[in-house]
Amino acid sequence: MTELPFIHYSCQQIDDEDIAAVTAVLRSDFLTQGPAIEAFEQALGTYAKAPHAVAVSSATAGLHLSCIALGITCGDLVWTTPMSFLATSNSALYVGAKIDFVDIDPATGNMSPHALEEKLKAAKEKPKLVTIVHYTGRACEMEAFYALKDKYGFALIEDAAHALGANYANGKPVGSDPRTEATVFSFHPVKPITTGEGGAVLTHSKPLADKIRHLRSHGITRDAAQFVHQNKPAWYYEQQSLGYNYRMTDFQAALGTSQLRKLDRFMAARRALAQSYPALLSGLPLQLPPPDSHSGWHLYVVHITSKSTTRDAVFAALRAQKIGVNVHYMPIHLHPYYQNLGFTPGQFPASEAFFSGLLSIPLHPGMSSADQQRVAAALRTSLA
Ligand SMILES: *Cc1c(COP(=O)(O)O)cnc(C)c1O
């Protein structure tokens, strides 16, 4: 009997073209902050229809720099969703902000604009920043968020780590709306495209893009027109802010540009798999995600509704059959670090209910229909 391969919940797709793009940079003069970075930034901006893209070392770095560039600082209030990866809220804690959460819409897992409105109405202190997450690649209800943004004056970040290649309800690409201050993408290997580690901030504001560019490389400027001290020799540079080393390397950027050319193909494959799951899983005690032709389907999350087994038992059964299920996510406020900040179980009931029974099943462009059938068959057995 041949060994069955492990089916990952998500997985990078690297081909010879990608490898050639990386090795070409390795043979060139620049390994970091050379021409491949600019080319990748251009390509990203064109793809997502945003005039400015800044490549950084990770989405976490991009979220952190966006907070700083938006002037979020010690004591400021930031609101986000509990149904996300920790980096979404950690990045606000990095700048000394106070974090709080807004509960989700159980139909989508995205922050509920209704819950946001209720919380805004009741809050004595209003947030300076709200960070929304396009959970699983399904775009948030943007018009409702923009209406609240107009009324209450907060800045808006879209954590689009799941959503490069996804579209809003109006069919436009995530990242393209100038009413959002900053949209942040991730290029971790499980995400829609990869650069190994990597991320990017897209914005429609040139001052914000300039600031993030400045901060990603130590807060240093080499542009004489920007110098505080004038008439300096050619070697001179100056540090004007406390920045970081959050640069992406050129060989990562070359991989990103090569990957981006394949993104539409990756999206088509993800959407086709997402369309096939309901028929394959029909009749099982599972709640499936609602259909969405605009979603990037970074994740396919189901809820186990069976009374005779548990999510954790199904998880173990599928892992034993080399099926890479996962859980995205335990709500952020349930982690010990956040409980030490004062959050308690029961505070965000919709997120906590959503988490119970939650399971991500494999969906990525490298999956065959035979792989998908293997996933469905394993689920059928474990839920029998
Ligand atoms: C992956 C992820 C991040 C962090 O991305 P990195 O590039 O690994 O830093 C942030 N937010 C969400 C929602 C993510 O899924």
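The values are calculated or read from the model by the stated rules, or taken from the named source; none is laboratory data. Everything numeric here is computed off the predicted structure, so don't read it as measured data. Counting neighbours? That spans all protein chains shown, and the Cβs are built from the backbone with ideal geometry, glycine included. Keep in mind that these areas ignore ligands, DNA and RNA; they rest on the heavy atoms of the full protein, side chains included. Shrake-Rupley method; radii C 1.70, N 1.55, O 1.52, S 1.80 Å.
Averaging Cα coordinates gives a centre for segment 250-288 and one for segment 327-384; these two points are 18 Å apart.
Sorting the segments 96-107, 239-250 by their residues' average number of neighbouring beta-carbon atoms within 10 angstrom, most packed first, yields 96-107, 239-250.
Checking the a/c ratio against 1.5 first, then a/b against b/c, what shape does the Cα gyration tensor give for segment 277-320?
Because a/c hits 1.5 or more and a/b exceeds b/c, segment 277-320 counts as prolate.
Surface composition of the chain: carbon and sulfur make up 56 percent of the accessible area, probe 1.4 Å. With the biggest extent put first, the Cα atoms of segment 16-260 measure 56, 48, 27 Å across the principal axes. Of the complete DSSP H runs in the chain, none spans 27 angstrom or more by Cα along the long axis with a mean Kyte-Doolittle score not below 1.6.
For segment 191-252, the equivalent ellipsoid derived from the alpha-carbon gyration tensor has semi-axes of 27, 14, 9 Å in decreasing order. Among the trypsin sites (Lys or Arg not before Pro) in segment 136-217, none is located in a DSSP loop while being surrounded by at most 11 other Cβ atoms within 10 Å of its own Cβ.
Of 128/191; 119/149; 149/206; 121/149; 98/151, which pairs sit farther than 18 Å apart, going by alpha carbon to alpha carbon? In this structure, 128/191; 149/206; 98/151 lie more than 18 Å apart at Cα. May I ask you to list the trypsin sites (Lys or Arg not before Pro) in segment 255-361 that are in a DSSP loop and have at most 15 other Cβ atoms within 10 Å of their Cβ? Sites meeting the loop and neighbour criteria: 261, 307, 322.
Would you calculate the volume per residue, in Å³, of the smallest convex hull containing every Cα atom of segment 263-382?
Values: hull volume 15.7 nm³, N = 120.
It comes to 131 Å³ per residue, whole-number rounded.
Straight-line cross-link reach from residue 211 at under 14 Å between alpha-carbon atoms covers these aspartates and glutamates, not counting any fewer than eight positions away in the same chain: 181, 223. Averaged over its residues, segment 263-382 has an accessible area of 43 Å² per residue, based on protein heavy atoms and a 1.4 Å probe. Here segment 68-154 is treated as a sphere whose radius is the Kirkwood value from Cα pairs; by Stokes-Einstein at 37 °C and 0.692 mPa s it diffuses with a coefficient of 250 µm²/s.
Surface exposure of segment 16-260, expressed per residue as accessible area with a 1.4 Å probe, stands at 40 Å².
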